[in-house]
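Novice: Okay, handing you the structure first.
The values are calculated or read from the model by the stated rules, or taken from the named source; none is laboratory data. Everything numeric here is computed off the predicted structure, so don't read it as measured data. Every residue, glycine as well, gets a Cβ built from its backbone with ideal geometry; the counts of neighbours run over all protein chains shown. Note: accessible area is taken over every heavy atom of the protein model, side chains too, but ligands, DNA and RNA are not part of it. Shrake-Rupley method; radii C 1.70, N 1.55, O 1.52, S 1.80 Å.
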Amino acid sequence: MDKKSDKPKSTKVQTNKSRTLEKTEKPKVAVKKNSSSIVKKEIETKVDAKIELTTESVSNNKTINKEKLDSHINDNNTETNKREFIQIDLAPLEKKESRVKQLKQIDKRQKQLTSKYSKEILEGTIVTTTNYKPKVDKHVIELNGVRKSYITGDLETPVLKGIDIILDKGDFIVILGPSGSGKTTFLNIISGLDKASEGDVFVLGSNLSLLKDSHLTKFRRNNVGFIFQQYNLLTNLTAKENAEVGENLSRDKTKGLSITDIFETIGMTEQMNKYPHQMSGGQQQRVSIARALAKNPDILFADEPTGALDEEMGRKVLEILVKVNKKYKTTVIVVTHNPNIAKIANTIIHIKNGLIDEVIKNTKPADPKTIDWS
Ligand SMILES: Nc1ncnc2c1ncn2[C@@H]1O[C@H](COP(=O)(O)OP(=O)(O)OP(=O)(O)O)[C@@H](O)[C@H]1O
């Protein structure tokens, strides 16, 4: 660390509702905005001497932050504005350090912020470290400056190399890309199965980058459903009972969908009492969809959902995913190698070499019955 950074430092935190953060050497500044109930408090809070901003950079950032907060207040995002908002300005990284050392610094900083904010995030506070304000009314997933790297000794393997993307609520999204391009890593990060090394990952307004593992589990349980290439059904339970497992995992029982209605939607009413070994692969995959849907998740993630199925069953599963998207307004996000499948989506994301290569909006999504299958 250089001399300058040896000075006492602090990381500045702004919050949009009346709450008090930690003590500071400077007096607190509170500004009430006109008719809005939002109160801005500029408060400095100590997180860690090594990662905190210099006093100078704190004051330099004040104007910028005020503008950002004002635009936040003035926008029409009711849901965002209802939720408490904290903006954290991170200190710039030591430029002289190697990338691996920087990554370790970032990791340490992320852990400190996680232990401080994880609970609040789970309870609904929006915490940003990249000056990005999610628009919760409109967007389901918002990524800003997201990177994922693995470190082996002194070597960094970058997998996601800087991803900024916004996904709209209720869309049917397909993620395409060559093998090894980072599709599954991307899916795991936006679904809370894995953590980004750097950047903000807002899912339904919660910054998953700052959730600790147990809170990530709760977040997934309450908000998202998964379908994998392998169906992972419990062999000693019937189709209906397997779906009920999904329902029971949900904390908010009132939010769930009726199991009977789901089985009707997936065309499996007749098979409700069958065990997995009495069903075809396609039927088992449909039960795994029922299990994921039982808790009525906001987002349904599917990694190669047709990978183990023949054409007929594969098409059927895609038809059901489209139906679910339309009927329950569930945002569906599918990872696939198959460009033909992308034609059924209204948003197609191409990932190439760890970056978003292209995002295509498709105004005329195809019916799964009509797409080529090869
Ligand atoms: N734990 C890990 N350590 C090091 N590298 C990893 C790790 N996990 C994944 N990778 C690397 O990250 C890259 C992207 O992997 P990912 O599984 O996200 O790609 P993908 O596009 O989903 O590939 P596929 O279509 O073949 O499943 C690959 O080069 C992979 O080797």
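Novice: Where does each of 139-150, 270-281 land if you order them by average Cβ count within 10 Å, highest first?
Specialist: Result, highest mean first: 139-150, 270-281.
Novice: Determine the equivalent ellipsoid of the range 148-245 by diagonalising the alpha-carbon gyration tensor, then write out the semi-axes as square roots of 5 times the eigenvalues, largest first, rounded to whole Å.
Specialist: 27, 17, 16
Novice: Something else about it: Out of residues 5 or more away from Lys352 or on other chains, whose amide H comes under 5 Å of its own, with H placed 1.01 Å from N in the peptide plane?
Specialist: So Lys352 has HN proximity to Asp357.
Novice: Same structure again: Accessible area per residue, 1.4 Å probe, Å², for the range 165-217: what's the number?
Specialist: 27
Novice: Distance from a point 7 Å along Cα→Cβ of Lys82 to each backbone N in the range 112-138: keep the residues under 14 Å and list them by number.
Specialist: Under cut-off, by backbone N: 124-126, 136-138.
Novice: Could you pull out every residue, at least 5 positions away or on a different chain, whose amide H is within less than 5 Å of the one on Val335? Hs are placed 1.01 Å off N in the peptide plane, and Pro or chain starts have none.
Specialist: Excluding prolines and chain starts, which carry no amide H, the hits are Ile175, Ala302, Asp303, Glu304.
Novice: List the pair-distance distribution P(r) of the range 159-361, using every Cα-Cα distance, as the percent of pairs falling in each 10 Å bin from 0 up to the bin containing the longest distance, rounded to whole percents.
Specialist: Reading the bins upward from 0: 9, 36, 37, 17, 2.
Novice: Determine the share of the range 159-361's accessible area contributed by carbon and sulfur atoms, expressed in whole percent, with a 1.4 angstrom probe.
Specialist: Answer for the range 159-361: carbon and sulfur cover 48 percent of the accessible area.
Novice: Moving to a separate point now. Of the cross-linked pairs Lys119/Lys323; Lys133/Lys369; Lys274/Lys327; Lys108/Lys169; Lys240/Lys369; Lys111/Lys343, which ones have a Cα-Cα span greater than 30 Å in the structure shown?
Specialist: Lys119/Lys323; Lys133/Lys369; Lys108/Lys169; Lys111/Lys343
Novice: Taking a probe of 1.4 Å, how large is the accessible area per residue of the range 236-374, in Å²?
Specialist: In whole numbers, the range 236-374 has 46 Å² accessible per residue.
Novice: Can you give the three extents of the C-alpha atoms in the range 85-153 along their principal axes, from longest to shortest, in whole Å?
Specialist: Extents along the principal axes, in whole Å: 41, 23, 22.
Novice: Right, here's the next one. Just to make sure I understand: if all protein chains stay in place, what is the order of Met268, Met313 by accessible area at 1.4 Å, largest first?
Specialist: Descending accessible area places them as Met313, Met268.
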